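Here is the structure we will look at.
Just so you know, all these numbers are worked out from the coordinates, no wet-lab data involved. It should be emphasised that the depicted structure is a prediction, and the values quoted were computed from it without experimental measurement. Every residue, glycine as well, gets a Cβ built from its backbone with ideal geometry; the counts of neighbours run over all protein chains shown.
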Amino acid sequence: MSILIKNPKVLIYNDDAPRGRYFTIEEKDVAICGDSILYVGEPDDDDIAGTPCISPSNQAAAFKPDIVIDGTNRLVIPGLINAHTHNYMTLFRNLADDVPFAQWLFDGVMPHEDRMLPEDAYWGAMLGIMELLRSGTTCFNDMHMHIHQTTKAAVDSGIRALIGRGISNTEGRSGLERRLREVSEEIERWSGSPLLSFTIAPHAPYTCDKEGLRVCMAEAERRGLRLHIHLSESRQETADMRGRCGMTPIAYAESIGLFDLPVIVAHAVQAEPDDIRILAEHDVSVVTNPASNMKLGNGFAPVPEMLMAGVNVAIGTDGAASNNGLNLFREMNLLSLIHKGSHENAVALSAQETLKIATVNGAKALGLNTGRIAAGCKADLAVLSLDRPQMRPFNNIISGLAYAANGSEVETVIVNGEIVVKDGHCIKIDEERVYFEAANRLR
Ligand code: NI
């Protein structure tokens, strides 16, 4: 399939731009050939027609679009990247709100999790993916149980995903091995999929002890996969770890060699200055989840400080039980505003920095060739209508994306060169069926 988006405005990332001025809005045509962006060029540039495009549907040497999307008053952005979530938990949305953390976990989440059937997880994940795609997110990094159902939902919907089975050894070695076996089965089942990758995902040091973490590290190294782990989410977790071994969770992770491998760390809310130094010294990406951290009363991650130290920071929503949405436009808006407010500094985190976190940094964290609109990148992008009151006038479209957009502007979403959202609806998903199933599960 080849697609031409004609005459849109495009959010362009400039690699060598000075800090905080990464993006510009430019009027370009965007040509997609097969799974990749072929060309981003001046409208009506002859070079587009002259650029070779060989794809299954276009064996000719020159680009000839099968589909032309009118870009008038539209904006093309890289698909947003949700770098930490638990999609199947979407069924728990709005079930436990405005209650203390223990009540949220023990009364609101765990009883439902215990009686959840695998099919429930499939429809929960599907509902989550619908929300992601329709608000411009083209990739998610998931951790939890029911890995097969989440994987199948991702494949059925056409979204890109990194999937990890939450691994603990609270029931001993056999539980850990069973969970690792589930990961192996999924990796083998989907080995040819262009949309799926996998992580080894020990849940956290308080559910997966040193022996368990070492097994996970060996497995990640053997398979060449990233690790994905929750670290330093709450003050309680940090205090408990100090009590047990005299170190913060991040210092502990470094001490056992976890950061010798590529790692995706969710949260780092309680990261201290020494922790930030450790994170910056290793191949570690931190995923900040501002809504979840506030909802559960955990505070604000030191995001401006981590960025300043050179840590790659991406953004996630966490699960819908602790958010309650999966909308990265809302998350970007919150991220910037809470750091301006909590630092009493109006320049603590800019719109430019926030957009980079949700695109370029997310792709780096997950090891993907996505996150920007540039020739040679995988074609993961969203087309937004600018004919929306919240997007007018065009004083500063980049500010508009971070501070005024709400995701309802998304008309078309393309993942790996394939259209998966058209006119605001997921065309590979039976949306009515998802609403029906979600309403009738967990009863
Ligand atoms: Ni989480």
Worksheet, complete the sentence: In vacuo Debye sum over C-alpha of segment 160-221, base-10 log of normalised intensity I(q)/I(0) at q = 0.15, 0.20, 0.21, 0.22 Å⁻¹, listed in q order, is -0.43, -0.71, -0.77, -0.83
Discussion item. Just to verify a number: FRET efficiency for residue 385 and residue 207, C-beta to C-beta distance, R0 = 41 Å, to 0.05?
Written reply: 0.40
Worksheet entry | Contact order normalised by residue count of segment 317-443, Cα under 8 Å, 6+ apart, percent | 19
Item to complete: Over the chain, calculate the relative contact order: mean separation of alpha carbon pairs under 8 Å at least 6 apart, over the residue count, as a percent.
Response: 21
Item to complete: With no solvent and one equal point scatterer per Cα, compute the Debye intensity ratio I(q)/I(0) for the chain at 0.10 Å⁻¹ and report its log10, rounded to two decimals.
Response: -0.68
Response to the item:
Between residue 24 and residue 191, the two model label points (7 Å from Cα along the beta-carbon direction) sit apart by a distance in nm of 4.6
Practice prompt. Give me the number: length gained by fully extending residue 171 to residue 184, i.e. 0.36 nm times residue separation minus the C-alpha to C-alpha distance, one decimal in nm.
Written response: 2.7 nm
Discussion item. So for each of 166-174, 371-379 I average, over its residues, the number of other beta carbons within 10 Å; can you give me the resulting order with the highest mean first?
Written reply: 371-379, 166-174
Worksheet, complete the sentence: Ordering 302-314, 238-250 by per-residue average of other C-beta atoms within 10 angstrom, highest first, gives 302-314, 238-250
Practice prompt. Output the Kirkwood hydrodynamic radius of segment 284-392, Cα pairs only, in Å rounded to one decimal.
Written response: 14.9
Discussion item. Classify segment 321-443 from the C-alpha gyration tensor, please: rounded if a/c falls under 1.5, else prolate or oblate depending on whether a/b exceeds b/c.
Written reply: prolate
Discussion item. Using helices alone, I'd like the mean residue ellipticity at 222 nm for the chain: each DSSP H run of four-plus residues gives -39500 (n - 2.57), total over residue count, nearest 500.
Written reply: -10000 deg cm²/dmol
